[in-house]
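Chemist: Structure incoming, see below.
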Amino acid sequence: MKYDTENANVMKRKKIVAGNWKMNLNYAEAMALTDAIAGRMNENQETEVIVSPPFLFLHEVASQLKDKAMISVAAQNCSDKNSGAFTGEVSPPMIASIGVDYVIIGHSERRKYFYEDNLLLAEKVKGALRNSLLPVYCCGETLEQRNSGKHVNVVKQQIEEGLFHLDKMQMEECVIAYEPVWAIGTGVNATPQQAQEMHAMIRKLISGKYGEKTAESISILYGGSVTPANAEELFNCKDVDGGLVGGASLKADDFLRIIDAMEKVLSRE
Ligand code: PEP
């Protein structure tokens, strides 16, 4: 259910557990994982689940999950262009045409290995929204930036340059994922305090630009070594609305336990 900004007091923002499969799994493994997750979705569950397979399997996974409630599919990336002579690229209209709902934009691996900067990412966000794809916009600092005290400004700049060209309605379509680079795939997660501090900063920044209701409506996910063991305490933080999960999303049992952790937190609210 979309958050209703007119009734901010009665509606909760979406709680999301998203799995980023990255460049892992072959076809048979991807389909088996899809089946295992889909087969154990609970009709009464409040958590929205997103799976993000590699492009090659996106169509089939999306078809498989088409009629399932509370589970959606995301692409891991998209082009900033709609069509044309861009060999190897996949555009937002193509992704939208196969029934995919979300696209991850600005993952730190795209920033690092493919030199994607905030200005390019702003174009991707625009292109995604033009085609009714909901962006999951990633931000997060490196260890060096954190150790030198620049982390807040780095994340601030990523949000401002990547998202603040949007109007209010477009902004409300976005999901943000705070993923400190030093926590991704390292087994070292941010502490709940570190996550909460950054999420609160991001929400305040959005509030300053778009107003409190918009800021309160946006789901901000934490990503970086989320596991069944640490998910609950991270999801317990006031401004942490779920997780973007890499490694632990490749094993159905672990991923489902992370979803259960969010359900547990929600059951106490
Ligand atoms: C990610 O790739 O977005 C991620 C958070 O990975 P991991 O959970 O493996 O740290």
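The values are calculated or read from the model by the stated rules, or taken from the named source; none is laboratory data. Note that the coordinates shown come from a computational prediction; the quantities given were computed from them, not determined experimentally. Using ideal geometry, Cβ is built from the backbone for each residue, glycine included, and neighbour counts are taken over all protein chains shown. Ligands, DNA and RNA are excluded from the accessible area calculation, which covers all protein heavy atoms including side chains. Shrake-Rupley method; radii C 1.70, N 1.55, O 1.52, S 1.80 Å.
Chemist: Taking K and R as +1 and D and E as -1, what net charge do the other residues with C-beta under 12 Å from the C-beta of ILE259 add up to? Show your work: numbers first, answer last.
Modeler: Working: positive: LYS15, ARG40, ARG257, LYS264; negative: GLU46, GLU48, GLU232, ASP253, ASP254, ASP260, GLU263.
Overall, the nearby charge balance is -3.
Chemist: Identify, among VAL61, ILE16, ASN44, the residue whose Cα sits farthest towards the positive end of the charge dipole of the chain, taking +1 on the Cβ of Lys and Arg and -1 on the Cβ of Asp and Glu, with the dipole about the Cα centre.
Modeler: ILE16
Chemist: Provide the three semi-axes, in whole Å and in decreasing order, of the ellipsoid equivalent to region 165-265 as defined by the square roots of 5 times the Cα gyration tensor eigenvalues.
Modeler: Details: eigenvalues 126, 36, 30 Å².
Over the Cα atoms of region 165-265, the ellipsoid semi-axes are 25, 13, 12 Å.
Chemist: Another question about this same structure. Give the long-range amide H neighbours of VAL103: residues separated by 5 or more places, or on another chain, with amide H under 5 Å away, using H modelled in the peptide plane at 1.01 Å from N.
Modeler: ALA75, LEU134, VAL136
Chemist: Could you give the accessible area per residue of the chain, probe 1.4 Å, as a whole number in Å²? All intermediate terms of the calculation are to be shown ahead of the outcome.
Modeler: On the way: 12480 Å² over 269 residues.
That works out to 46 Å² for each residue.
Chemist: Moving on to the next point. Could you please tell me the mean projected area of the C-alpha convex hull for region 170-227, averaged over all directions and given in square nanometres to one decimal? The partial results should precede the final answer.
Modeler: Details: hull surface 16.5 nm².
Averaging across all directions leaves 4.1 nm² for the Cα convex hull.
Chemist: With just the Cα atoms defining each centre, how far is region 238-257 from region 44-94? Give it in Å.
Modeler: 18 Å
Chemist: Using a Gaussian network for the chain with springs between C-alpha atoms less than 10 Å apart, which of these wobbles most: ASP241, ASP117, ASP167?
Modeler: ASP167
Chemist: Looking at region 43-141, what % of the alpha carbon pairs are farther apart than 18 Å?
Modeler: Values: 2238 of 4851 pairs.
Here the long-distance tail beyond 18 Å is 46 percent of all Cα pairs in region 43-141.
Chemist: Please list the radius of gyration and Dmax for the chain, considering alpha-carbon atoms only, with Å as the unit.
Modeler: Both quantities, over Cα of the chain: 17.1, 52 Å.
Chemist: Let me ask another. For the pairs LYS81/LYS238; LYS150/LYS209; LYS14/LYS112; LYS68/LYS204, flag any whose C-alpha to C-alpha distance is greater than 32 Å.
Modeler: Numbers: LYS81/LYS238 37 Å; LYS150/LYS209 21 Å; LYS14/LYS112 29 Å; LYS68/LYS204 35 Å.
The answer is LYS81/LYS238; LYS68/LYS204.
Chemist: Take the solvent-accessible surface of the protein heavy atoms, probe 1.4 Å, and return the percent of it on the chain that carbon and sulfur atoms account for. Before the final figure, lay out each step's value.
Modeler: Numbers: 6340 of 12480 Å².
With neighbouring chains kept in place, the figure for the chain is 51 percent.
Chemist: Ranking request for peptides 95-103, 20-28: highest mean number of other beta-carbon atoms within 10 Å first, then the rest in descending order.
Modeler: On the way: 95-103: 19.2, 20-28: 15.4.
Those peptides, ordered most packed to least, come out 95-103, 20-28.
Chemist: Counting Lys +1, Arg +1, Asp -1, Glu -1, what net charge surrounds ALA231 among other residues with beta carbon under 11 Å of its beta carbon? Don't skip to the answer; put the middle values down first.
Modeler: Working: positive: ARG257, LYS264; negative: GLU232, GLU233, ASP254, ASP260, GLU263.
Combined, the nearby Lys, Arg, Asp and Glu give -3.
Chemist: Rounded to whole Hz and in sequence order, give me ³J(HN,Hα) for region 132-142 from the Karplus expression 6.51 cos²θ - 1.76 cosθ + 1.60, θ = phi - 60°, writing x for Gly and Pro.
Modeler: Result, ordered by residue: 6, 9, 8, x, 9, 8, 9, 9, x, 9, 7 Hz.
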